[in-house]
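Report on the structure given below.
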Amino acid sequence: MIDSHCHLDHEPLLSNLVNVIKRSKEVGIEKLLTISTSFQSFDRIKQIIQKDEMIYGTIGIHPHETTKNKITSDIIVQNLIENRKIIGIGETGLDFYYNNSNKDDQITSFKEHIEASIETDSPLIIHSREAEDETFNLLRNYRDHNLKILMHCFTGSKDFAKKLLSLNAYFSASGIITFKNSQDLQETFKFLPLDKILIETDSPFLAPVPNRGKKNEPSFISFTAQKLADLRNISKSDLINLTTNNFNKLFFN
Ligand SMILES: [Zn+2]
C-alpha cells in the first residue's frame, strides 16, 4: 500500500514523524510520497526523505503559493537530478476557487512545471479546483509530449475525467470518497479504469470516515482503500495491489 500524496512537512505530522512512520508501517504502507508546496516546504522535504527509506518526495509550488514562490523549470530539473528520492513534480495546477495567487502567476508556474516534466519524463502531480476547462486546455497543448499526469485528490466531474483519460492521466482518490455526500465522485471512481487509480491521504488534511474532522495521517489510508475496494466490488488486497502497481508504473518506469 502506498500513500501517493501526503504533506509530512506540515504540522502535526512533522513534529511526530517517528510515530507517523511507525503507524504507517503497522498498517502495511510501503512507500510515502511527501509533496512540496513552496520553497520552504521543499527545504523541509529534503531533510524528511532522509529519515526513512520508505519516504520519497517531490519538487514544486502549490498553485496557492505561486505569487510568493516563483519557480522555473531549470530549478525543478536541477533538483530532480540532484536527489535520487525526489521522484515527482508538484503539486502544481490551477485553483480558481480560492485564488490565493492570481491566475497569471498560477498559469505561468503550471507551465514551468510542465516544461520540467517534459525534460525529465517525471510525473506531474496536479491540483485542479474550479478550473477544469483551463487545466484540460493547458495540458492538451502539450499532448504530443505524452505527459505523465497524476490528478491528485480528484474531485472533478466525470466529463473532466473522460477528457483527462484521453491524455492517459492517472487519478488519485482521497478520503473524500468516504464522505456521505460524495456520491457523484464515487460514481466517477467506479467508472475509471482500474489501471488508472491511485490512493492518497493528502494528510494532514481530509481525514477519511471514521476519522473525519481529525488531523489526517498516512496510516488512515486504509479506510480509503477499503471504501474504494467496496465501490469496485473487489477485495481490499486486490485494490491495494492494483494501486501499488499503478504508482510504481507511473513513478518508477
Ligand atoms: Zn496536497
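Suppose we keep only residues that are among the polar types (S, T, N, Q) and in contact with a helix residue (DSSP H, G or I) (Cβ under 9 Å, 6 or more places away or on another chain) within the stretch 41-78. Which one would you say is nearest to R129 (Cα to Cα)? It would help to see each step written out before you state the result.
Residues of the stretch 41-78 among the polar types (S, T, N, Q): 41, 47, 50, 58, 66-67, 69, 72-73, 78.
When the remaining residues are screened for being in contact with a helix residue (DSSP H, G or I) (Cβ under 9 Å, 6 or more places away or on another chain), the result is 41, 58, 66-67, 69, 72-73.
Values: S41: 21, T58: 20, T66: 15, T67: 17, N69: 20, T72: 23, S73: 23 Å.
Step by step, filter the stretch 41-78, then rank; the result is T66.
All but one of (1) within 30 Å of I29 (Cβ to Cβ); (2) more than 16 Å from the ligand (Cβ to nearest atom) hold for E65, so report the exception by its number.
(2)
Out of K51, K70, I need the residue that is under 25 Å from Q106 (Cα atoms) and surrounded by fewer than 20 Cβ atoms within 10 Å (Cβ to Cβ). Which one?
Result of the check over K51, K70: K70.
Would you tally the residues in the stretch 79-109 being crowded, with 24+ Cβ neighbours inside 10 Å and under 20 Å from L250 (Cα atoms)?
Counting residues in the stretch 79-109 that are crowded, with 24+ Cβ neighbours inside 10 Å and under 20 Å from L250 (Cα atoms) gives 6.
Is one or more of the residues making up the stretch 46-58 more than 16 Å from P123 (Cα to Cα), in contact with an Asp or Glu (Cβ under 6 Å, 6 or more places away or on another chain) and among the polar types (S, T, N, Q)?
no
Can you confirm whether the stretch 168-188 contains a residue that is touching a residue at least 40 places away in the same chain (Cβ under 8 Å), surrounded by fewer than 21 Cβ atoms within 10 Å (Cβ to Cβ) and either touching a helix residue (DSSP H, G or I) at 6+ places or on another chain (Cβ under 9 Å) or under 22 Å from A225 (Cα atoms) (or both)?
Within the stretch 168-188 (the criterion being touching a residue at least 40 places away in the same chain (Cβ under 8 Å), surrounded by fewer than 21 Cβ atoms within 10 Å (Cβ to Cβ) and either touching a helix residue (DSSP H, G or I) at 6+ places or on another chain (Cβ under 9 Å) or under 22 Å from A225 (Cα atoms) (or both)), the answer is yes, since at least one residue qualifies.
Out of (1) surrounded by 13 or more Cβ atoms within 10 Å (Cβ to Cβ); (2) outside any helix (DSSP H, G or I); (3) not aliphatic (A, V, I, L, M), what's the single condition that is false for F247?
Evaluating F247 over (1) surrounded by 13 or more Cβ atoms within 10 Å (Cβ to Cβ); (2) outside any helix (DSSP H, G or I); (3) not aliphatic (A, V, I, L, M) leaves (2) as the failure.
Evaluate the following for S24: is it at pLDDT 95 or above, among the hydroxyl-bearing types (S, T, Y), in contact with a strand residue (DSSP E or B) (Cβ under 7 Å, 6 or more places away or on another chain) and farther than 19 Å from H127 by Cβ? Before you say what the answer is, go through the steps one by one.
On the way: at pLDDT 95 or above: yes; among the hydroxyl-bearing types (S, T, Y): yes; in contact with a strand residue (DSSP E or B) (Cβ under 7 Å, 6 or more places away or on another chain): yes; farther than 19 Å from H127 by Cβ: yes.
For S24, the condition - at pLDDT 95 or above, among the hydroxyl-bearing types (S, T, Y), in contact with a strand residue (DSSP E or B) (Cβ under 7 Å, 6 or more places away or on another chain) and farther than 19 Å from H127 by Cβ - is met.
Among the numbered criteria (1) touching a residue at least 60 places away in the same chain (Cβ under 8 Å); (2) buried (at least 20 other Cβ atoms within 10 Å of the Cβ), which single criterion is violated by F205?
(2)
What pairs come up if the first residue lies in the stretch 13-40 and is farther than 13 Å from F220 by Cα and among the small types (G, A, S), the second is assigned to a loop (DSSP other than H, G, I, E, B) and more than 16 Å from the ligand (Cβ to nearest atom), and their beta carbons are under 9 Å apart, counting only those six or more places apart or on different chains?
Between residues of the stretch 13-40 that are farther than 13 Å from F220 by Cα and among the small types (G, A, S) and residues that are assigned to a loop (DSSP other than H, G, I, E, B) and more than 16 Å from the ligand (Cβ to nearest atom), the close pairs are S38/K68.
Listed here are the residues, each with its yes/no results for (1) small (G, A, S); (2) within 26 Å of F171 (Cα to Cα).
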{"residue": "Q47", "(1), (2)": "no, no"}
{"residue": "G60", "(1), (2)": "yes, yes"}
{"residue": "H64", "(1), (2)": "no, yes"}
{"residue": "T72", "(1), (2)": "no, yes"}
{"residue": "V77", "(1), (2)": "no, yes"}
{"residue": "L80", "(1), (2)": "no, yes"}
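Quick one: would you say H10 is within 16 Å of the ligand (Cβ to nearest atom) and under 25 Å from E115 (Cβ atoms)?
no
Would you confirm whether or not the stretch 159-166 contains a residue that is under 25 Å from I87 (Cβ atoms), within 15 Å of the chain's Cα centre (by Cα) and modelled with pLDDT of 95 or more?
no
The values are calculated or read from the model by the stated rules, or taken from the named source; none is laboratory data. Computed from a predicted model, the values in this text were never measured in an experiment. Glycine gets a Cβ as well: all are built from the backbone with ideal geometry, and neighbour counts include every protein chain shown.
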